[in-house]
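The values are calculated or read from the model by the stated rules, or taken from the named source; none is laboratory data. The shown structure was predicted, so the numbers you read here are calculated from the model rather than taken from an experiment. Every residue, glycine as well, gets a Cβ built from its backbone with ideal geometry; the counts of neighbours run over all protein chains shown.
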Amino acid sequence: MNRVIVIEFTTLDGVVEDPDGSEGTQAGGWAFRFGREAVAGDKFRLGPILDSCAILMGRRSWEMFAKIWPGRSDDFSSKLNAAPKLVASRTMTDLGAWNNSSLIEGELSDEVRRHRSERDIVVIGSLGVAHQLMHADLVDEYRLLIFPIVLGTGRQLFTAPLASDVHLTSVTQSGPAALLYYERSGSAETADGIHAE
């Protein structure tokens, strides 16, 4: 079965806002405090998923990525550039800056259900999009790269009154951070099958 996978850089206290500083928040850029290598490349281990998935982003994330990725040609960038990109925006009309990009035309949750019937959907950043899909109970997996920093303020991925049962399926150290995979409870994996590297 195809999945909706949300990937996020996050602090130890759950803040996902502005990891690269592009939003200009006071605490922004916190992920880059650990060096460029800490965030470069395929840190979420998407690997072969990128050959067949669709990437889903909101307007701001798409605009940021469209300035950076089209000019890169390493293996990860090539896969990201070749993947279909779905953009959730009510104001954008021109998606020419990044190939294989198209607007979500209808209701987000309906469109995600339709696209998920054909392939995996990977939500990159795009906190508003992630929250909508979480509230619609459409997220099957979370891949969180957790950095050893506490900010005490900023928007978070998991907020009340949302409640969801998930279980940990993988833990991997990635430089100064830890990459954790969580799947929605009730999937084929069980909590007994945790994989640690």
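Cβ-Cβ distance below 7 Å, separation of 6 or more or different chains: which pairs start in the range 45-58 with a residue that is in a loop (DSSP other than H, G, I, E, B) and end on one that is of a type in the set (Lys, Arg)? Final answer for the pair search is SER52/ARG119; CYS53/ARG119.
Does VAL166 satisfy being hydrophobic (A, V, I, L, M, F, W, C) and in contact (Cβ under 8 Å) with a residue 40 or more places away in the chain? Here the answer is no, as VAL166 does not meet what is asked. Look at LEU138 and say whether it is of a type outside the set (Ser, Thr, Tyr), buried (at least 19 other Cβ atoms within 10 Å of the Cβ) and either modelled with pLDDT of 90 or more or outside any strand (DSSP E or B) (or both). When the stated conditions are applied, LEU138 passes them. Would you confirm whether any residue within the range 13-34 is over 17 Å from the mean Cα position of the chain (by Cα), within 22 Å of VAL139 (Cβ to Cβ) and either in a loop (DSSP other than H, G, I, E, B) or in contact (Cβ under 8 Å) with a residue 12 or more places away in the chain (or both)? Taking every residue of the range 13-34 in turn, at least one turns out to be over 17 Å from the mean Cα position of the chain (by Cα), within 22 Å of VAL139 (Cβ to Cβ) and either in a loop (DSSP other than H, G, I, E, B) or in contact (Cβ under 8 Å) with a residue 12 or more places away in the chain (or both).
Per the conditions (1) within 17 Å of the chain's Cα centre (by Cα); (2) modelled with pLDDT of 95 or more; (3) surrounded by 17 or more Cβ atoms within 10 Å (Cβ to Cβ), the sole criterion not satisfied by TRP98 is (1).
Restricting attention to the range 126-135 and to residues that are crowded, with 21+ Cβ neighbours inside 10 Å and touching a helix residue (DSSP H, G or I) at 6+ places or on another chain (Cβ under 8 Å), the residue that is modelled with the lowest pLDDT turns out to be SER126.
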